[in-house]
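The next block holds one structure in the form of C-alpha cells; read it before the comments.
Rule-based calculations on the coordinates, nothing more; no lab input. None of these values were measured; they are calculated from a predicted model. Don't worry about glycine lacking a Cβ; one is built from the backbone with ideal geometry, like all the others, and counts go over all protein chains shown.
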Protein chains: 4
Amino acid sequence: MKAIKIGIIGAGRIGKIHADNLLRLPQTEIVAVSDLFAGPDLEAWAAQRGIGIVTKSSQDIIDNPDIDAIFICSSTDTHVPLIKQAALAGKHIFCEKPISMELAQTEGALDVVRQAGVKLQVGFNRRFDHNFKRVRECVLDGTIGDAHIVKITSRDPNPPHEDYIKVSGGIFMDMMIHDFDMARYLSGSEVEEVYAHGNVLINPVFAQHGDVDTAIVTLKFKNGALGVIDNSRQAVYGYDQRVEVFGSKGSSAATNDHPNTVEISTADSVRRDKPLHFFLERYNEAYIEETKMFIECILHDKPVPVDGYDGVQAERIALAAKLSSRLGRPVRLSELPELVRQSAQATTESA
Amino acid sequence: MKAIKIGIIGAGRIGKIHADNLLRLPQTEIVAVSDLFAGPDLEAWAAQRGIGIVTKSSQDIIDNPDIDAIFICSSTDTHVPLIKQAALAGKHIFCEKPISMELAQTEGALDVVRQAGVKLQVGFNRRFDHNFKRVRECVLDGTIGDAHIVKITSRDPNPPHEDYIKVSGGIFMDMMIHDFDMARYLSGSEVEEVYAHGNVLINPVFAQHGDVDTAIVTLKFKNGALGVIDNSRQAVYGYDQRVEVFGSKGSSAATNDHPNTVEISTADSVRRDKPLHFFLERYNEAYIEETKMFIECILHDKPVPVDGYDGVQAERIALAAKLSSRLGRPVRLSELPELVRQSAQATTESA
Amino acid sequence: MKAIKIGIIGAGRIGKIHADNLLRLPQTEIVAVSDLFAGPDLEAWAAQRGIGIVTKSSQDIIDNPDIDAIFICSSTDTHVPLIKQAALAGKHIFCEKPISMELAQTEGALDVVRQAGVKLQVGFNRRFDHNFKRVRECVLDGTIGDAHIVKITSRDPNPPHEDYIKVSGGIFMDMMIHDFDMARYLSGSEVEEVYAHGNVLINPVFAQHGDVDTAIVTLKFKNGALGVIDNSRQAVYGYDQRVEVFGSKGSSAATNDHPNTVEISTADSVRRDKPLHFFLERYNEAYIEETKMFIECILHDKPVPVDGYDGVQAERIALAAKLSSRLGRPVRLSELPELVRQSAQATTESA
Amino acid sequence: MKAIKIGIIGAGRIGKIHADNLLRLPQTEIVAVSDLFAGPDLEAWAAQRGIGIVTKSSQDIIDNPDIDAIFICSSTDTHVPLIKQAALAGKHIFCEKPISMELAQTEGALDVVRQAGVKLQVGFNRRFDHNFKRVRECVLDGTIGDAHIVKITSRDPNPPHEDYIKVSGGIFMDMMIHDFDMARYLSGSEVEEVYAHGNVLINPVFAQHGDVDTAIVTLKFKNGALGVIDNSRQAVYGYDQRVEVFGSKGSSAATNDHPNTVEISTADSVRRDKPLHFFLERYNEAYIEETKMFIECILHDKPVPVDGYDGVQAERIALAAKLSSRLGRPVRLSELPELVRQSAQATTESA
C-alpha cells in the first residue's frame, strides 16, 4: 500500500505533536512543513525527522502535488482560507479546533469541503481519550440506560498569557468548545438550549478583554437529558478533566489520570501526586489515536470520526453560550440565526 | 444540671429517629409524644423507651408545663401553626425542613419566635455530616482559598410514592432545599440568582402533579462564586450525595460513604458495594449530632447552628428555582417579592 | 422477656466501652461493676449510668445471685481464676483476649466452663467489623473461590507505655493474637505451621523486655493456603488495619476506614485525612456488635460466635510464633506439646 | 554524534519489544537480528523496520564489526556463552533476566564482562516503572524515614504453558526473581535471609515438574528491615503488581494500573475495569525507559542502572528461596556456598 504523504501548516506546539505522532505511523510520510516563522531551528527539527521541505509559505504545501493530506495547525483566523484552498487542491484535511469563530465562515468552508469531496477531520482529540471513550461505551452499550444527566469538569492548571487571551475568542469558543463536543459525544444527543454564566475570579485581565475565567453552562439536550459544564482557567492542583453520565440504569464517571498510583501516608495525611499536568501529558495517547484514525480513514476511505458537522455543532453551542452569557438568559440554538442577525445589525448601527 | 424535657409532635419515621437519638443524650428526657394516629403500636413503642405520655393531640404537648422543648416532626402544613403555638407557650423548637411552602407564612412564624425569645433550630441535618463539615472546614480555614465553584450532587435511590409527590411541594422545595442550604453552608455566601431546569425522565407521574424528577440548578453567589446542583429522584445504585468546592488555592470534594471499604476483584471487574442506601443510613450520625447540638444550645443558652434565617433563605432559593423553572429564565432572589405579588394577582384574576 | 443482668469486672477503658454498649441494648441491665481501684470517680460514672453496685471486689460480682452474665475486663493474669469462679457460679462469661498466656492454664479454664455448661465468648471484636465480615462473606459465598493467600496488615499508631510492654506477653500474644484469630476467621481453615521473624526498629525498650516492635509471620493453613501477617507498633499515619484474601476466582481486600471521604487537592498534592486513629474509633461498631451478639446468644440459647476453642487456637498460634521467633525456624503447631515440655525442662534445669 | 549500532539475538516476543523501543530512539540503529527460527516472517518484520540483516546464527551478530551493542533475548541457557562471546568481541550487552540458573555460571560470565570492560545491563525492567520509581523516591528522599517493612505482591493473570514450566527454573528463579530485585531496589539494602514456602494450588502440572504455583517468601534485610513477597501464577482478575514500603515516618504504596479511571455504578455494584492485563501492557513504558537508559549510558559512558552485580544478587536470593523451600527452613545467603557444595556432592554421590 502506498504511503500517505502529509504536509503540515503551522509548526507550533500542536503542529509538532502531530508531526511526531505521524512519524510513528508506518504508512505515513511527512513531506513538508510550513510556518510563518520558519528558520534554522525548524530546519534542524525537520532534518532530524527526515522531513525534506521546510517553507514559510502555506501555499507551497497546498500547491505540492505529492501531498495527500494537510494538517492545519496554524492560528484560528487562518483555518477557513486554508481549508478552502486545501479542499480545492484536493487534499484531505485535518484541522485544529475551532474551525473559525464565525459560524457563517465555518459553514462556508465546510461547503467547499463537501463539494471537493475531500475528508475533513476536526481536532477534538478528547474523543480519543481512554477514559471518555469508556464512558461513552457505557452509554452506547446500554450499561447505564438512557442518559439523564451529563456532567463535565474541565479546568486548566494555569491561565494563558494575555497575548493569547486577546485573540482566543473567549472561554466558550476557546476552552469550553472541547466540552461542548464532549457533551454531544457522551450524550449521543444534540444540544437545544444553553444557559451560561461566567465570572472573573482569577485575574482581572480577562475582564479587560471582555472574557471570563470561570464559567458554568447548563445544557438541555434534544433527548431530554440535562447537562452541566464547569470551566476554570486555573486549578492550582493541575489539569482537572472529569466527566460523568448518569442514566436510568446507573452512572459512569471518569476521574483524573495521575502520573502514578502511589499513596503516601505520613503523620500529616494520606496523599498522592497531582493529576497529569496539562493537555500534552493528559491527552498524549489521544493525540496519537486521532492521527492514526485520520490516516486509517484516508487509507480505507472511511468517514472520519469527527467531521465538519461536529465542528460546526460545537461552534454553534459555543456561540449560544457566549450570547447567553452576554444576554443573561438561556439561549436556544434555534434562535442563533436571528440573534446573529440582530447582533450584526447592532454592530452596523453603532458603527 | 436539670434535664431538658422534650415533647415530640409527629411520630412518623423522622420523629422516631429524633426520639431514639435524644434517648442517647444524658441530659434529656422525653416526656410526651403526640401523633394524629396514636394507638397501641405507638404506646408500645413509647413504653419501651420510658416515654410516659402518648396522645393524639399536639395541644397536649404544647400545653404541658413540664416540657422545655418541642420537636415538630408532623407534616409540613402543620409547621407554621405549631411553631407559633409552641413559641407563645415559651418552648424551644426543633422543626423539620421546610418550615412551610409559603414564604410569608414562614416569615410570620419566625416573627412570633423572635418575639417569644425562644430558640428555633431547623432540621438541615446535612450540616452535621462528617464529609460536608470537612469540606466546609477547608473553606473556612483557607485551605482552598476563595470559593469559585460549588458543586452538589444529590440523588435519591427511589422516587417517593405518588401520595407523597402530590403534597411534597415539588422537587425544589422538598428535595433540593437541602442542597440550597448546603450551597449556603459550603460557600459561606448568599445566593443572588438561580436558573433551574428540570425534566420528567423517570416517571410521568411527576408531570401529572406539575413536578419534575430530574433537575439542574445553577447559582450565582454574592461573593462571585458560581454553583450547580443536580438532583434525580432515582439513582439505581443508591443514595448519591457528593459535594465539591473549588477555589483559588485548591479543591475539596466529598464522595459517597459506602458500607465497607472492600474491593472485590474477579474475572469480570474490580468492584465494591454500593453507597449507603438512603438518608437513614447515610445521615445516621448527622441526625444524632444535630439533636445533640440543639440540646447543648438550650443547656448553655447558645445560638443554634441552623436558625430560622437559614430556614427562610433555603425556602427563598427553592421558590426562586420553582419560578425559574416555570418562567424558563434566571430569577434573582431580589425579584421574589414582585414575582410573588404577580403570581398572587394572577391566581386571583384567574379565580 | 426478662432482662439479662450483667456484672462487669474491671472498669478500665475496655470495661467502660462494653458497659456503654450494653446500656444501648434494650434487654440488658448492668447490675454491678467491680474494679480494684474503685473510688468516687467510678461511683460517679456508675451513677450516671444507673449502675447500682460499685465494689472493689470481683467476688461480689461472682457471688451476686442476680447476675446472669459477667464481663471479664480485668488484666490478663486474672482471667483464668475469674473464668473458673464465674463458671462455677453458673454465670455466662464474656472474656477479653487473650484468656491467658499459658496454654495449659487456658485449657484448664475452658474445661471448667465446659463442665459448668455456661457460655464463654472471647473478645475477638474484629470478627464483627463491617470490612472483615464482608471479606469473609466473599470466602464463604464462593465469590473468590478457594482461598490461596491470606494477607493481614495490622499496625498501631503508637507503641504502648513501657509499663504495659513489660506485662503484655509480647507482640505475638498481645497484638498479633487478633490477627491470628482473623487468619482463621478469614481463611475458614486451621493454621498448621508458622514462621515468625521480628525486629526492634522503633524503640530499644522492646528489646529490654525480650520483645520486638516489628514482625512478619508466615502461615501454612490446613487447606493448603498460605498466609502472612505484618505488625508494627508504630505507624505514624495512624491505625493501619487491612486484610486481603486471594483465591482461585478472585480477591477480596479491605482497606482502611477514614473519618471522611473528602479529597483535598492543592498546589502540593491530592490528599485525604489519615485513617481512623486507633481501635476505639476503628472498631467502635464492632464492639457494639459483639456485645449484642453475646446477649442474643444468651437470650436465645445459641452458641456464641467466638468461643473458647477460638480463644485457645489463637493462643496456640501466638505461642508457636513466639517459639519460632526464638528458635529461628518454622514451628508446626503439632510440635507445641513437645516444645512446651522442653521449655519447662530447660527452665527447671537452669533454676 | 554517531548512532549506536545494535544487534539483537533472539527475536521472540521480548526481542521484538526491545527492537520496537529501540527504533523510537533517535541515536540508535538496529543493524541485525538473529533467531534460530529466522524465516520469511522475521524477514518481513525486519524489512518493515529497516533492519538490514536477518540471520539464524548469533555468531553473525557477535562477529559483525559494525555492531556496538547486543541485546541478548534468547533462551536463558544461551545467556552465559553469548555474554562471554559478546564481551570478548568488545560489545556492550543488554541481557534479559536471569543471566543463568547456576550462580557459578553467572559469576563466570560477569568476570569476562569485567575484564573486557564492556557494559552489561540486566533486564530488570520494573525498576523503570513509574509507580515503583515513585515508591523508591519516597525511601531515598526520606519521606517515609527508615524502611521497616517491604511488601511486594506479584501475580500473573495466567499460568505459562507446560512447555515453559519445564524449563522455567521454577517460580523463584523465573517469576519471583523480579520481586527479589525489586526488594533490593525499594529497600536500598541487601537481603540476608529468606524463608520460602510454596504450594501447588492452581494446577498439579507444577508439582509434576518440581515447581509450585503459589508462594510466599519472607526476607530479612541487612539494615534490619523485614520483607514479604507473595506470588501466584494465576490471578483471574489480571496482572496484580503492587508494592509497599513502610517506614519510621510513613508508608508509600503503589496499587495497580488500570486501563482507565472510569467508575461504573449500577443496581449491582460500583465497579471499574480490571488492571492492565499483563506485563506487556503494564510495563510498556518501563521497557521503553530501560532501553533508553542503556543507550544513554553507552553514549555518555555512564554506569548502567542495573548491572551484573544486581543480576547476581537477585539470583542468589532466588537460589536461597529455592533451597529454603526444599529444606523447609530459613536460609541465610551466607550459607549458599556451603549448601551449593553439599548439593553438588549429593548429586555426585547419588549418581
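Each DSSP beta bridge with both residues in the protein assembly as shown is either parallel or antiparallel, and the antiparallel ones are about 60%.
Only bridges with both residues in chain D count here: give the DSSP antiparallel percent, nearest 5.
Percentage antiparallel, nearest 5: 55.
By other beta-carbon atoms within 10 Å, ranking D:Y309, B:Y195 with the fewest at the front produces D:Y309, B:Y195.
Neighbour counting of Cβ atoms within 10 Å sorts the residues A:E193, B:E162, fewest neighbours leading, into B:E162, A:E193. Copy-to-copy label distances for D:Q342, where each label lies 7 Å from Cα along Cα-to-Cβ, are 1.7, 9.5, 9.6 nm in order of increasing length.
Over all other residues within a Cβ to Cβ distance under 13 Å of D:D66, the charged ones net out to -1, with Lys and Arg as +1 and Asp and Glu as -1. With the convex hull built on the Cα atoms of segment B:4-118, state its orientation-averaged projected area in nm². The Cα convex hull of segment B:4-118, projected and averaged over all directions, gives 6.5 nm². Shown is the FRET efficiency for D:H161 and D:D63, computed with R0 = 41 Å from the Cβ-Cβ distance and rounded to the nearest 0.05: 0.75. For C:A207, inter-copy separations between label points set 7 Å beyond Cα along the Cβ vector come to 4.5, 6.7, 7.9 nm, shortest first. Distance from the alpha carbon centroid of segment D:7-85 to that of segment A:1-78 works out to 33 angstrom. Annotation: average projected area of segment B:283-351 is 7.4 square nanometres, based on the convex hull of Cα atoms across all directions. Legend: distances between Cα atoms for D:K91/D:K292; B:K16/C:K302; D:K5/D:K97; pairs beyond 19 Å are B:K16/C:K302; D:K5/D:K97. Across the identical copies, the label point of D:G145 (7 Å from Cα in the Cβ direction) is separated from its matches by 3.4, 4.0, 5.1 nm, in order from shortest.
Shape analysis of segment C:175-245 based on the Cα gyration tensor places the equivalent ellipsoid semi-axes at 25, 14, 9 Å, largest first.
GNM on chain B, alpha-carbon springs under 10 angstrom: the most fluctuating residue among B:A147, B:A321, B:A46 is B:A46. Basic side chains Lys and Arg get +1 at the Cβ, acidic Asp and Glu get -1 at the Cβ, and with that the dipole of segment D:243-351 about its Cα centre reaches some 500 debye. Using just its DSSP H runs of length 4 or more, each adding -39500 (n - 2.57), chain B gives a mean residue ellipticity at 222 nm of -12500 deg cm²/dmol after division by all residues. Cβ crowding within 10 Å, taken as a proxy for footprinting-reagent exposure, orders D:L140, C:L319 from fewest neighbours to most as D:L140, C:L319.
Taken residue by residue and averaged, Cβ atoms of other chains lying within 10 Å of the Cβ of D:242-255 number 6. Scaled against the 2.2 N^0.38 Å expected of a compact globular protein of N residues, the Cα radius of gyration of chain D reads 1.02.
Distance between the C-alpha centres of segment B:278-323 and segment C:88-129: 47 Å, rounded to the whole angstrom.
The distance linking segment D:131-156 with segment D:195-237 is 20 Å (Cα centroid to Cα centroid, whole angstrom). In whole angstrom, the protein assembly as shown maps to an equivalent ellipsoid with semi-axes of 57, 54, 22, each derived as √(5λ) from the alpha carbon gyration tensor and ordered largest first.
Separation of the alpha carbons by more than 20 angstrom is noted, of A:K133/A:K322; B:K133/C:K274; A:K84/A:K119, for A:K133/A:K322. Against the compact-protein benchmark of 2.2 N^0.38 Å, the Cα-based radius of gyration of segment D:236-341 scales to 1.57.
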